Amino acid sequence: MARDAVTHAGQLAYLKRAVFDMKNEHCFVERERFLNSITPPAERPSDFYARTLAGLLGAVSTPVDANDIFVGRVAEDEPEGDAPCPCRILESTGHMTPDYGRLLTLGYRGILAGIKENAARVGGERARIYAENAEIVAEAMRSFAARYAEAARAAGNERAYRALLRVPYKPAYDLYSALQSIWLVHMTASCYVGSRDYAFGYADEYLYPYYLIEKANGATDDEVREILAGFLLKTNEICGCRAHNYRQKPVPSQSAKQYLLLDGGRANELSSLILDAAELNRLAQPELTVLLSDDSPEPFRRHVTEAMSRLTDKVQVYNYKLLRAFLERRGLPDEISSHPAFSACCTFDLNYRSIREEFYLPTVQLFCDTLFRGDFSSEDELLTAFGAAVRAECEKYLDDSRNRGDDYVRMAFVLDALLLGGCNEHCDYPPRGLDYRVKNIFLPGIATLGDSLYSLRRLVFDGGELRCRELADIVKNDYASHEKLRERVLALPKFGNDDAADDDDAVKMANVMLDAVEQARHMPEELVVPAFYSLERDNVWAASLPATPDGRRAGSPISENQSPTYGADKQGLTALLNSLARLPFGRTAAGGLNLTFTSHSAISPEILSALIKTYFEAGGLHIGITRLCRAELEDAMRHPEKYPTLTVRLYGFSEYFVSLPEWQQLAVLNRTEY
């Protein structure tokens, strides 16, 4: 992409256009060429993955565009030959928040020195191997940065040249060098080792000292905003503009989601500048996650809602008070419970102290299986059996997730472990090197389940005209020859309308599932985090799901995340939030709520601020918003070439609408609008 350098604002515009010029069919061609040239030995030596990464970083080119603000990009082209693409000889699980603060403070040189000291203290073969691999990787990153420094100088980027002569091997010395250090490591982890969802964590916290240095060196806040915007823009180069689950780009990072946390309770000047930079960026990545609390300064809270009203689907907020209380009840120390984190998709981790593991528990299928098997004489009897099924399924996942071998963990974490808390101290790879294993247990379809229990109570358990077995058989047969009964069921109150009776059934179902998850067998180091979250399982599981007692037909979607069934909430936004606030969110630490506004809705910062404050005070956990223009979305389905930059909120992140499969576009259109 050779071009003469332009003004700073012009650089941003040029680099944005370049994101949409990327070919979604292209791979990281030099990575694939190098890895496909390797024939792994039958028995891989303990340094195989570290040396493979070092060889790869020494073999790939260091492309720099004359307009790059930060350097570091991956050469792309069409896949070569018939080999599987991407090559899985080297890959990682990702799904983590690296300790970028530690990287900036110590650099790889300081991290490596600590590892060597710890290896001598710990002793043993595993510690020795860990330290040797760490040195191979640290030196490889040092050489890679040095080559990039020369490429930056050749392209006329003197600031990148000076930075990369030091970082990431040595500590950062100002805001620019800190961001350049993070980007080179982030790109390497995402694109060369290869995986999804490396998060940036509390960037406003660990970058703040370097911001102060930048300011002391004479930078204005406008210049800082542009630097930050240039960094945020780079996250969009990792995997193009594909949707996360459709026609994926043939790269190991696939459609990774990049999350950046802002701590509203400890907000500083940089927190607000990052929000400003996101408005300059305005692309799908990264997703800004803001933790708001009673201590959040009113000017910052106002700044957040101003950004939400303009960026809509690219900013989400969580109730910090609930998150912290959840961790404190589990006995976690203050330095951990004070920093809950999200590394992707509304899912929880412990900042840089864990890797995120997750399991979508088939709650609706389990409920149907339970209902169809017996003739229950009472609601309690049914719920007891359902809870036992949920517990058994949860225990099966937890047991299975503990069985991964040494070869796997070396492959997955030879680079990642250097920025994971605990691993360097214990000189061991995850999971053994971690003090905690976070396991998200997602419970989809809460509204479908609550509405189903309400129907059963009205038609069966509270003196209704049917026995449980009779209604179960009707539902199992998809209401065949019972359409009038189904019409009666559909007319019953539904979750999301501030009807205490129906809402209480959703709460009851929620607590049954949460009890089952908590009662499942846990290991001491496991932090099991339940959440009402579906991602797209509400739709993709639909084809295999039978009908449910709420009147839902077999094969149709279940409710999404924490939301009511599509179209069931008819009493307005206040009624919806009152219903949601009744759910036991204090027993969870993840999940998401999407609020959809029409393009004509008044979603002013003042209204958003009041809405969020009231909802969180009532016990709500999360809010993400999007603004839709139905006519525009329908036109985009017919003429996608006209709307390459149009984004919508999916679940816990932003996606390009025209990249979604048709069923998902229709799912967005089917959401209740306010």
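Some points to look at:
- Count - residues of the range 75-94 that are modelled with pLDDT of 90 or more, in contact with a strand residue (DSSP E or B) (Cβ under 8 Å, 6 or more places away or on another chain) and in a loop (DSSP other than H, G, I, E, B): 5
- Filter pass, A589 being open to solvent by less than 10 Å² (accessible area, probe 1.4 Å) and in contact with a Pro (Cβ under 7 Å, 6 or more places away or on another chain): yes
- Residue match in the range 35-54 (condition: out of contact with any helix residue (DSSP H, G or I) (no Cβ under 9 Å at 6 or more places or on another chain), touching a residue at least 40 places away in the same chain (Cβ under 8 Å) and not small (G, A, S)): yes
- Out of K215, K257, one residue alone is charged (D, E, K, R) and either within 19 Å of A18 (Cα to Cα) or buried (at least 23 other Cβ atoms within 10 Å of the Cβ) (or both). It is K257.
- Residue match in the range 101-120 (condition: open to solvent by 30 Å² or more (accessible area, probe 1.4 Å), over 19 Å from V251 (Cβ atoms), at pLDDT below 95 and among the acidic types (D, E)): no
- Restricting D435, D451, D416 to residues that are surrounded by 20 or more Cβ atoms within 10 Å (Cβ to Cβ), within 30 Å of L112 (Cα to Cα) and acidic (D, E) narrows the list to D416.
- Scope the range 160-185; condition free of Cβ contacts under 8 Å to residues at least 24 places away in the same chain and of a type outside the set (A, V, I, L, M); matching residues: Y161, R162
- Within the range 470-484, the set of residues being open to solvent by 50 Å² or more (accessible area, probe 1.4 Å) and not in a loop (DSSP other than H, G, I, E, B) comprises E470, D473, K476, E483, K484.
- In the range 257-273, the condition of being in a strand (DSSP E or B), charged (D, E, K, R), within 20 Å of I603 (Cα to Cα) and under 20 Å from the mean Cα position of the chain (by Cα) is met by no residue.
- Strands (runs of 3 or more DSSP E) (entirely within the range 602-674) containing at least 1 residues that are among the aromatic types (F, W, Y): 653-656
- The strands (runs of 3 or more DSSP E) found entirely in the range 306-355 that carry 2 or more residues being over 13 Å from the mean Cα position of the chain (by Cα) are 315-319.
- Candidates N497, N424, N440, N403 - the one that is assigned to a helix (DSSP H, G or I) and either touching a residue at least 12 places away in the same chain (Cβ under 8 Å) or open to solvent by 50 Å² or more (accessible area, probe 1.4 Å) (or both): N424
- Filtering the range 225-253 to residues that are among the charged types (D, E, K, R), in contact with a helix residue (DSSP H, G or I) (Cβ under 6 Å, 6 or more places away or on another chain), in contact (Cβ under 8 Å) with a residue 60 or more places away in the chain and surrounded by fewer than 24 Cβ atoms within 10 Å (Cβ to Cβ) leaves E226, R242.
The values are calculated or read from the model by the stated rules, or taken from the named source; none is laboratory data. For clarity, every value in this text was computed on a predicted model and none was experimentally measured. FYI the Cβ positions are ideal-geometry reconstructions off the backbone, even for glycines, and counts take in every protein chain you see. Side chains included, ligands, DNA and RNA excluded: accessible areas come from the protein's heavy atoms. Shrake-Rupley method; radii C 1.70, N 1.55, O 1.52, S 1.80 Å.
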